[in-house]
Amino acid sequence: MKKQSEVFSFRGFAFVAAVVAAAVAVATPVQVGNPGFMYSVPGSFLTVGRCEKGKYMFNTYPGLWIRNVSTSWRENFCRLVPSVDGKDIEVTQCVMRDGWLEACTEKGPIEFAYMRPDVVLMRSKSPEMHIRFEFQHPRQKYDFPATFGRTIDYLHFNADRILMDTRTGVRDPDRGNTVRVHPSKDGIEVAILDIHTGDWDGNEVKGSFEEAVARQKASFKRMYASLPSVPKEFEWARHEAAILFWTTIAGPRGMFRRPMMLMSNNWMNKTWSWDHAINSLSLGYRDQDAAWEQFRCMFDFMTPEGMMPDMVSDEQIFWLAVKPPVHGWVFSKLRAMKEFPRDKLEIAYALIEKWTNWWLTRRDFDHNGLAEYLDGCDSGWDNSTAICMNRPPLETPDLQAFLVLQMECLADIAKTLGRSEEAAQWSERSKMMLDATVKILFDEDGAPRVRRLRDGGFDRDSLSLVTRLPLILGKRLPEKCRAKMIDDIKTKGFITDWGLASESVNSRHYHPDGYWKGPIWGPSTLIAVDGLRACGEDALADEISLKFCKLIMKSGFSENFDAKTGEARRDPAYTWTASAFLVLAHEL
């Protein structure tokens, strides 16, 4: 396919446009992604998608957008506006196929496919459709020749640069930082390059759109096959989960030392220090290597003392909080799916040991053998009433439960590695924490409670689900403690038509969009269901799992959901929600 090249770049991106001489349609079954999905491929930071009324991204107008999920580019967007005969036309929907994206318009689709992670091919076959690139943050000063015309190859403004062969593209100085690309009789083809550092090297992007589609179809097929099986009625959601995972894995770059699954390609474009562990669970059934990479990734940022950060992006590490130590619970489950080779067990043992000792030595301020949260974000339940209504530091039963299981995990790994003395020590420390937890953080009736360090007092009245998560300890707990928490879940307004509310719907603090004060979340459901199974409540666990899976079929993979209506809330395409669904559906 012979092409006339056109190039233009801006703030870390370059666009290489070419007149299309010929194009061949590729047929594949249509798959429509959930609203809020931003199209990408593994390893890429470039995303493409449609924003409806500004609801999926910060500070944007509705329309079709190209963005970079790197932290520094979070709000540096480029909107693509198609037009015919000087009149803008609407992108009505984005259709994700198994290998490319179609942005649908009345004059035919604008199609996108990745040649490689840093190169997106865009094409339109319409000889009528013009496409305008509107950069969201226009510069106020421009430096370009007054006689801008066909002989001008370069356009400069401030420190940025647009390189353009104006045979097919014209920059519009009256609209600020805007470039218009005009079609030939066969349409337009544009290659969008992510230049993270430096400048475009001038090399032509080689390969056809069809080749890019074929490559990405094969990649997606591998991702889809790697996910756990689910009941037939939920297969559509499994396919959507595969799309979400496939589009949110950022490659090693900047702070990232390995592939990192972001929570979202929308505004939650980072990885948190318990989200990654939840995501590893859904990968562990069929792809242990991928599960290991996601489990391992946040430990890359651990301090010498054993502290893990709250969250990371490719350019920032956030240390204002930590996240709960779910890692031993998760790793034990991963081992139950398939045992890891010895070298990985050695690495996991060292990392989980350091993380556990940090909690035991740096977060036990009164030296009573129980660890404390210093902030709601430490718990992962940022604004939970159990945490925020009691003014941290706090000793909570969920934190101790995670640590009890984490020390058991260390004991099991140590035993496998032939370190019998260390295994015995971890077993004893786990038992001591369990005994202290039952003695201090459960009352005489078996009800869980939160202890305040500031006055030594207790909160026995919390209607937050987080205080019922110690169910994951199963029959290690006295029967009265298990019975009380199970009865609370059954009778105190936690179970709705759609699953488990994070705050009882009977609570005076309940809010339908209250983040951790009411909405249903994937990870809290996953942990609670695991706890119910550990206590022998399989029927109730199945009931809640089925409700959650039906919720996903109704509302997609949003960050959380209205507990009463099932309406999607917050970020509309969240990976740990998909992971929770896959595990719950697989284990039905």
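The values are calculated or read from the model by the stated rules, or taken from the named source; none is laboratory data. This one's a predicted model, so the numbers in the text were calculated from it and none came from an experiment. For neighbour counting, all protein chains shown are included, and Cβ atoms are generated from backbone atoms with ideal geometry for every residue, glycine included.
Could you please let me know if R452 is over 21 Å from T361 (Cβ atoms) and either surrounded by 19 or more Cβ atoms within 10 Å (Cβ to Cβ) or touching a strand residue (DSSP E or B) at 6+ places or on another chain (Cβ under 9 Å) (or both)? Taking the combined requirement at face value, the residue satisfies it. Assessment of segment 311-323 against the conditions (among the acidic types (D, E), in contact with a helix residue (DSSP H, G or I) (Cβ under 9 Å, 6 or more places away or on another chain) and either within 30 Å of N265 (Cα to Cα) or part of a helix (DSSP H, G or I) (or both)) yields at least one matching residue. Filtering segment 266-300 to residues that are in contact with a helix residue (DSSP H, G or I) (Cβ under 6 Å, 6 or more places away or on another chain), of a type outside the set (A, V, I, L, M, F, W, C) and farther than 19 Å from P523 by Cα leaves R286, D287.
Conditions tested, residue by residue: (1) modelled with pLDDT under 95; (2) among the β-branched types (V, I, T); (3) surrounded by fewer than 24 Cβ atoms within 10 Å (Cβ to Cβ); (4) not assigned by TED's automatic domain parsing to the domain that holds L345.
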site	(1), (2), (3), (4)
T396	no, yes, no, no
L399	no, no, no, no
V404	no, yes, no, no
E408	no, no, yes, no
I413	no, yes, no, no
S420	no, no, yes, no
A424	no, no, yes, no
R429	no, no, yes, no
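Determine if segment 526-543 includes at least one residue that is under 19 Å from the mean Cα position of the chain (by Cα) and either touching a residue at least 40 places away in the same chain (Cβ under 8 Å) or not in a helix (DSSP H, G or I) (or both). Yes, the conditions are met somewhere in segment 526-543.
Quick check, is S502 of a type in the set (G, A, S), touching a strand residue (DSSP E or B) at 6+ places or on another chain (Cβ under 9 Å) and modelled with pLDDT under 95? No.
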